[in-house]
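No value in this document is a laboratory result; all are computed from the given coordinates. Treat the numbers as computed from the prediction; the structure is a model and nothing was measured. Cβ: placed from backbone, ideal geometry, glycine included. Neighbour counts: every protein chain shown.
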Amino acid sequence: MNRLQIVSALLLFAVIAQVQAQEKWTLDQCEVAALNSSNTLRASVLVVNQATIETELAAGARLPMVQAQGKFQYASEIMELTLPSAPGSSPRTIEFGDGLTTDIAVRAGSTLFQGGAIKARTNSKRELEKAKRQLSKADSLKVLHNVRVAFYETLQAQEVLEIAQTQLNRVESHLQSVQEGIEAGMLNREVLLEVQIRVEQAKQQVKQAESAMIRKRLELSYLIGKTESDIVPEGDLTNSLISHETRENTQALNSRPDILSFEKKSESLIWSKRSVEASFLPSLNAEIAYHYGRPGINLIENDWMGYGTIGASMSWTLWDWNARKKNIEILDLKRDIIAKTRLEVVGQYSNRQNQLNSLYDSLSEQLQISTKRLLLQNELLEQKKSRYNSGDLEEKEYLDTEFETHAVEIEHNVLLAQLRLTEIQLLYVLGK
């Protein structure tokens, strides 16, 4: 073993030791971590919480409201009453208060009837809250999709690095044989230069693969909230993620959370319409209050006193220049817009599903061909290696076969990764 092989072996050992020291994560672990660390999901949870509070506020409108009030008022004129007097005597004048009014009151009021408007507004907010919950679930699907893509792209990058390292080991081993041949006087320097060039080319490919792998690992680490850790995905590109029945399921699209959100938004608008329709009916309110003030209800004594009041009021909008009718028309138009948008989105998902299924079938067939081609290429490499060792094959032809084998291995790896990524796209389209 020469110095170059010893250095390569030490580097490979160091890489293996480093990988063993790194933290390995399965896809399930990455998915859970991504869902827990996503700021997008945290924001969507806050949006749902806001919608929940808005629903509670709407429902609280039917509850009585208690208020405390205080009032002080001065009037420049007061009410006076002049009483008739006997002949020859001065008329008597009674004053009602002194122009100063002070009143402290606690009031409790409630809406007794509003044509069902409060219930309608509450249900409208509740359906809108459900819509936002579905949109939050849709955000979860996006997070899962992104982390799955990053996971398998990192797996692919790792395997590309392994293939590149294997190719480098091949040509370095071959370089050792050439150097021994030169020392024995059997080969010339031109052959050595050709092999050295191939070694440098293989080293460059290893560096490129290392760089790509590091970038993908950093992306995956960010998505799972482990930016300070060196995450190594643990998985296999050969394992399928989706069954044939799932791929062909055309009904799954209607269960996607973003599709369901359209239905909830439409139902919210139905209740909003009922709320507007309720405004065509009269509104009845009741109030009970306790007052403590001066002069109270006895203006003549003009002294502090406490007293209670109870009453009811009614309001009825008889004409508003068709403003309510126009609001109803607007709500109907919004429902139509939502319905058309839903149909368009479902159509896009359906078309995307068909495209991905077609791509999946094509990639599966290509992978079968690639697997057979890889077996044949490896067999060819062994045949040419045997011929080269016996002196029946030129150096360049053998090196070309080695690099052709490397290219076929890379192509096979790319096909595997594309197949897995296509499955991930299908899972997202189907809402899985």
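The alpha carbon centroids of the stretch 347-373 and the stretch 302-346 are separated by 53 Å. Residues 321, 25, 316, ranked from the fewest to the most other C-beta atoms within 10 Å, line up as 321, 316, 25.
Subtracting the Cα-Cα distance of residue 366 and residue 314 from their residue separation scaled by 0.36 nm leaves 11.0 nm. In terms of overall dimensions, the C-alpha atoms belonging to the chain reach 159, 44, 30 Å along their principal axes, ordered largest to smallest.
Which of the peptides 276-284, 299-307 is most tightly packed, and how do the rest follow, going by the mean number of other Cβ atoms within 10 Å of each residue? The partial results should precede the final answer.
Details: 276-284: 16.2, 299-307: 12.6.
Top of the packing list down: 276-284, 299-307.
Within the stretch 301-345, name every residue whose backbone N is under 14 Å away from a label modeled 7 Å from Cα of residue 102 along the Cβ vector. Output list for this probe position: 302-306.
For residue 301, what is the net charge nearby, where nearby means another residue's Cβ is under 12 Å from its Cβ and Lys, Arg count +1, Asp, Glu -1? Write out the running numbers ahead of the final one.
Working: positive: 294; negative: 95, 98, 303.
It works out to a net charge of -2.
Spin-label model, residue 93 to residue 305: label points 7 Å out along the Cα-to-beta-carbon direction sit 2.4 nm apart.
Working out 0.36 nm times the residue gap between residue 336 and residue 45, then minus their Cα-Cα distance, what length gain in nm do you get to one decimal? Intermediate values should be presented prior to the final figure.
Numbers: separation 291, 0.36 × 291 = 104.76 nm, distance 2.82 nm.
Taking 0.36 nm per residue and subtracting the Cα distance, the gain is 101.9 nm.
Using R₀ = 25 Å, calculate the FRET efficiency as 1/(1 + (r/R₀)^6) where r is the Cβ-Cβ separation of residue 110 and residue 56; round to 0.05. That pair, residue 110 with residue 56, gives E of 0.90.
In terms of distances greater than 19 angstrom between alpha carbons, the cross-link table entries 137/432; 340/432; 137/226; 24/207; 130/265 yield 340/432; 137/226; 24/207.
For the pair residue 386 and residue 200 in one chain, pulling the backbone fully straight at 0.36 nm per residue adds 64.5 nm over the alpha carbon distance. For the chain, the 222 nm mean residue ellipticity estimated from helices alone, with every DSSP H stretch of n ≥ 4 adding -39500 (n - 2.57) and the total spread over all residues, rounds to -23500 deg cm²/dmol. The distance from the alpha carbon centre of the stretch 102-164 to that of the stretch 52-97 is 49 Å, rounded to a whole number. Exposure proxy shown here: for 220, 374, the number of other Cβ atoms within 10 Å sets the order, fewest to most, as 374, 220.
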